[in-house]
Each structure stands twice: as structure tokens, then as C-alpha cells.
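What follows is a short report on a single structure.
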Amino acid sequence: MAAGILLIALIAFATLPAHAQTFTLIHSFSGPDGANPAAGLTMDRAGNLYGTALYGGAHNCIGLQGCGAVFKLTHVQSSWVLSLLYSFSGGADGAGPAARVVFGPDGALYGTTAGGGPNTVFKLQPPATICPSISCFWTKTTLFSFDIDDLGTGFNPLGDLAFDAAGNIYGTNQYGGNSQYCNGPGCGLVYELTQSGGVWTENVLYTFLGEGDGGYPESGVIFDQASNLYGTAFLGHYQGSTGGVVFELSPSGSGWTQNVLYHFQDSGDGGYPVGGLIFDASGNLYGTTSYGGSGNGGTVFELSPLGGYWNFKLLYSLSGNGESGSNGKLVEDSAGNLYGTSFEGGTHGYGNVFKLTPSNGGWIYTDLHDFTLFDGGGAYPLDGLVLDAGGNIYGTAEAGGNSGEGCGTGLYCGVVFEITP
């Protein structure tokens with residue numbers, strides 16, 4: 001399916017100041033408990049939060065830089081208590097989890113590592129016996145290891161995993177494929193992992209060429225009700241622009257067919273999508289770009305199916321300094337409001353949390369919180385948000401908070417935050 005050629009710029013109403021929101025740090029990392037979360041959070045039915053820390057943890061990989069960890073935050077009375085579920089040790093065990101952990105059909109947590117050594121897909125399960133303390137490591141199983149010396153398997157998994165009804169796992173690798181493209185490391189690929197006799201096998205569904213089809217997918221893929229897959233790719237040459245694409249993969253016979261739904265021009269429509277996509281109840285796709293737009297801080301967009309095509313609508317242009325805009329996936333509440341983050345936007349340039357409210361054919365932008373870095377309040381949110389039933393917002397910021405050993409950046413160890421209405 002070709003991209004809709006009509007760019008409809010919806011009227012954006014006046015930006016509203018932040019409402020009476022309450023911003024709370026619910027955890028500041030210090031190194032041994034994890035550091036520098038690069039991914040967002042996952043919430044279970046009980047309201048517990050699960051996440052990954054790119055660095056920190058109990059084991060060091062490079063100097064004093066920790067190998068990364070998986071953590072859980074439990075609401076106990078009026079506070080949150082963090083427990084480490086697993087600390088990576090590098091090598092075959094993996095390091096540097098850069099994507100969220102997500103629940104699989106069996107109730108276990110699944111995720112990936114993208115650090116040094118083989119990149120992995122792993123599974124975490126709680127201990128078989130009752131934990132006598134607040135922090136007992138879960139049982140980790142490495143399901144599959146990507147060989148970074150073999151471009152055919154791909155490497156650098158940065159996006160969320162997805163599952164089909166049979167329990168097969170789907171994801172993307174930012175690099176890999178064919179060394180003839182993207183100056184050597186390959187342009188990335190979409191893969192499926194299937195299990196037989198307890199052994200997981202990779203099936204490459206699509207290899208990007210870095211041309212009109214896109215390249216360097218940094219987010220995962222999502223399913224529609226017809227079992228088609230959708231995602232974004234950071235790169236994509238088209239009519240003189242390399243602004244990236246939104247793509248669809250459809251099962252076709254024994255293989256998969258790729259269709260580009262939209263080519264970004266890195267202009268008023270935005271460019272270089274890093275975050276993933278979400279569907280609304282009507283089958284429309286929503287996403288963000290990390291650059292471009294009239295505000296020079298990336299854009300928020302909608303793609304709607306229309307007579308065999310996908311129609312692109314610019315919902316809002318974020319304000320920024322020309323650096324990285326929105327890198328995370330949006331989240332939608334029951335009223336149709338969209339929530340997201342910008343990496344270097346906001347009043348101080350250290351990122352912010354925003355809300356977009358639909359109103360009379362346009363969207364009202366509300367700045368919910370601006371990060372400041374140096375007051376210990378966190379900075380540079382890399383991924384999206386999660387909402388609970390009460391409308392509270394939870395997320396992570398890669399920097400800010402405390403300083404400590406095992407942290408991977410010079411801007412402190414990062415935080416987990418809550419915004420309450």
C-alpha cells in the first residue's frame with residue numbers, strides 16, 4: 001500500500017500551561033540497584049512496575065560500568081520499594097538491556113540485551129519458592145543469542161518484543177542483514193523466534209536495504225487483528241529525503257511482504273522515527289518523530305487506513321532545539337488523550353512530559369512536566385509512559401537523580417517518576 005499523498009495539517013490550538021500536576025520521584029538509581037534506564041515501564045494488574053536499567057547492577061562490564069539489570073517497583077503504603085529481579089553479568093549472559101521487559105502469554109517477563117558480547121532474548125520467571133526477602137533474583141533463561149559477527153542474525157535489539165497467539169516472539173534488530181547496504185553493518189531486520197523441542201530458532205521475516213524500504217529499525221513491531229505487523233525505521237531514502245518510514249509486514253504464502261505506509265520528508269511532517277506505534281480502537285496508528293516539524297522538535301502523527309491507502313495527519317509539531325525530539329511510544333487513555341515524552345524538549349532542554357487532547361478537529365498541547373537535570377529531578381526521558389487506572393502517569397528518565405558507581409553516563413544515574421492529576 002502506498003502512502004497517502006495528502007498531508008493534512010490539523011489546526012493546533014493554543015498551547016496550555018501545565019495543569020495542577022504533582023511530579024514525584026519514586027526511585028533514584030545509584031548504581032548497584034541499576035542505572036540509566038533507557039526504556040519505559042511495564043505495569044501488571046496489581047499496579048507493580050517493571051523495568052530495565054541499561055547500566056548498573058551487581059556486575060561490572062567495562063571498568064566500573066555495570067552490566068545492567070531488571071527491576072520491580074512495588075507500592076508499599078505511601079512509598080515505592082525497588083527490588084532487583086536480575087543483574088546481568090556480561091558475556092554469554094548478556095548486558096545492556098535497552099528495551100522494556102514485557103509479559104508473554106505464559107505470564108513470564110521477556111526482554112532483550114544489546115550490550116557487549118552476544119545480544120540476547122531472555123525470559124524471567126519468579127522463584128519457585130516464596131522469597132524470604134524483598135529482593136530475590138528471578139530465574140533467567142536465555143532463549144536466543146544473536147551473533148554480532150554474523151550479520152544474518154542481526155544485532156542491537158532496541159525495541160519491545162511482541163507475541164502472536166501461538167507464543168512466537170517477534171522483534172527488530174537495528175543492524176544486520178546484508179553487508180552491501182548501510183556502509184557495512186547492514187540496515188537491520190525484523191525477526192521471529194519459534195520454539196521446537198525447547199530450542200528457539202530465528203526466522204528473518206524482512207531485511208531492510210536502507211533505500212525506499214527504510215533501515216535501522218529502533219522500535220519493535222505491533223500486530224493488528226489480521227496478524228499484520230507494523231513498525232518504524234529510522235532511515236528511508238525517498239525523493240531526496242532520508243527521513244525514515246512507517247512500514248507494514250503482511251504474511252504472504254511462505255513469506256512476508258513489506259509495504260511502506262509513509263515516507264517522512266524530515267520537514268514539516270517530521271523525520272527519523274525512533275519510537276514505536278500504537279493503535280486506537282478504530283485501527284488508526286499513532287507515533288512520533290525525533291526530528292523536524294515546524295517547532296524543530298519532532299512531531300506527533302496519525303496514519304488512518306483509507307480505501308487501500310494510509311492517510312497521514314500531522315497532529316502536533318513539538319518545540320525543540322533541532323536535537324532529538326520524541327523517542328518513545330505514545331500511550332492513549334480511555335478519553336482519547338495522547339501522552340508522550342520529548343528527549344531534549346521542554347523549557348530547560350532536558351526533556352518533558354506532554355499531553356495532547358483532541359478538541360474540535362485539532363489537538364490541545366499541555367506541558368505536564370519539564371525536567372531540569374541539576375536539581376536531582378531527572379532528565380532526558382528516552383521512552384514512553386504507562387498509565388494506571390486512576391490516570392497516574394509513570395515513566396523513566398535516563399539521567400539526573402543520584403551519582404554513583406556503575407552509572408554509564410556523566411549525568412547521574414537516572415530516575416523513575418510519577419505524575420498524578
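The values are calculated or read from the model by the stated rules, or taken from the named source; none is laboratory data. Since the structure is predicted, the reported quantities are computational estimates derived from the model, not experimental observations. Glycine also receives a Cβ, built like all others from the backbone with ideal geometry; neighbour counts cover every protein chain displayed.
A few remarks follow.
- Within the stretch 332-357, being surrounded by fewer than 20 Cβ atoms within 10 Å (Cβ to Cβ) and either within 16 Å of the chain's Cα centre (by Cα) or not small (Gly, Ala, Ser) (or both) holds for 332, 333, 337, 347, 348, 357.
- A single entry from 230, 262 fulfils the requirement of being among the aromatic types (Phe, Trp, Tyr), more than 19 Å from the chain's Cα centre (by Cα) and buried (at least 19 other Cβ atoms within 10 Å of the Cβ): 262.
- Residue check: residue 178 meets all listed conditions (1) in contact with a Leu (Cβ under 6 Å, 6 or more places away or on another chain); (2) surrounded by fewer than 20 Cβ atoms within 10 Å (Cβ to Cβ) but one, namely (1).
- Among the numbered conditions (1) at pLDDT below 95; (2) hydroxyl-bearing (Ser, Thr, Tyr); (3) touching a Lys or Arg at 6+ places or on another chain (Cβ under 7 Å), the only one that residue 339 does not meet is (1).
- Selection within the stretch 88-104 - in a loop (DSSP other than H, G, I, E, B) and either touching a Ser or Thr at 6+ places or on another chain (Cβ under 9 Å) or closer than 15 Å to residue 124 by Cβ (or both): 88, 89, 94, 95, 96, 97, 98, 99, 100, 101, 104
- Of all residues in the stretch 102-112, none are farther than 25 Å from residue 217 by Cα, touching a Pro at 6+ places or on another chain (Cβ under 8 Å) and surrounded by fewer than 18 Cβ atoms within 10 Å (Cβ to Cβ).
- Positions within the stretch 373-390 being modelled with pLDDT under 95 and surrounded by fewer than 19 Cβ atoms within 10 Å (Cβ to Cβ), in sequence order: 374, 375, 376, 389, 390
- If you check 172, 120 for being touching a residue at least 40 places away in the same chain (Cβ under 8 Å), closer than 19 Å to residue 219 by Cα, of a type in the set (Ser, Thr, Tyr) and assigned to a strand (DSSP E or B), only one passes: 172.
- Residue in the stretch 375-382 that is farther than 20 Å from residue 301 by Cβ and in contact with a Ser or Thr (Cβ under 6 Å, 6 or more places away or on another chain) present: no
- Positions within the stretch 336-382 being hydrophobic (A, V, I, L, M, F, W, C) and either in contact with a Cys (Cβ under 6 Å, 6 or more places away or on another chain) or part of a strand (DSSP E or B) (or both), in sequence order: 338, 353, 354, 356, 363, 364, 368, 373, 379
- Look at the stretch 195-216: where a residue is surrounded by fewer than 18 Cβ atoms within 10 Å (Cβ to Cβ) and a partner is at pLDDT 95 or above and of a type in the set (S, T, N, Q), sitting 6+ places away or on another chain with Cβ atoms under 6 Å, you get 201/194.
One line per residue, one yes/no per condition, for (1) polar (S, T, N, Q); (2) farther than 20 Å from residue 221 by Cβ; (3) within 18 Å of the chain's Cα centre (by Cα):
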| site | (1), (2), (3) |
| --- | --- |
| 285 | no, no, yes |
| 289 | yes, no, yes |
| 312 | no, no, no |
| 317 | yes, yes, no |
| 327 | yes, no, yes |
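- Number of positions in the stretch 196-226 that are modelled with pLDDT of 95 or more and under 24 Å from residue 101 (Cβ atoms): 16
- Residues in the stretch 60-79 that are surrounded by 17 or more Cβ atoms within 10 Å (Cβ to Cβ) and without any contact (Cβ under 8 Å) to a residue 60 or more places away in the chain: 6 in all.
- Residues in the stretch 243-272 that are touching a strand residue (DSSP E or B) at 6+ places or on another chain (Cβ under 6 Å) and hydroxyl-bearing (Ser, Thr, Tyr): 250, 257, 262, 272.
- So residue 34, is it at pLDDT 95 or above, buried (at least 17 other Cβ atoms within 10 Å of the Cβ) and among the small types (Gly, Ala, Ser): no
- Exclusive hit being in contact with an Asp or Glu (Cβ under 8 Å, 6 or more places away or on another chain) and surrounded by 14 or more Cβ atoms within 10 Å (Cβ to Cβ), set 155, 122, 163, 88: 155
- When the residues of the stretch 391-421 are filtered to those that are within 21 Å of the chain's Cα centre (by Cα) and among the small types (Gly, Ala, Ser), the one that is surrounded by the most Cβ atoms within 10 Å (Cβ to Cβ) is 414.
- Residue satisfying all of: in the stretch 91-101; surrounded by 23 or more Cβ atoms within 10 Å (Cβ to Cβ) and of a type outside the set (A, V, I, L, M, F, W, C); nearest to residue 417 (Cα to Cα) among these: 100
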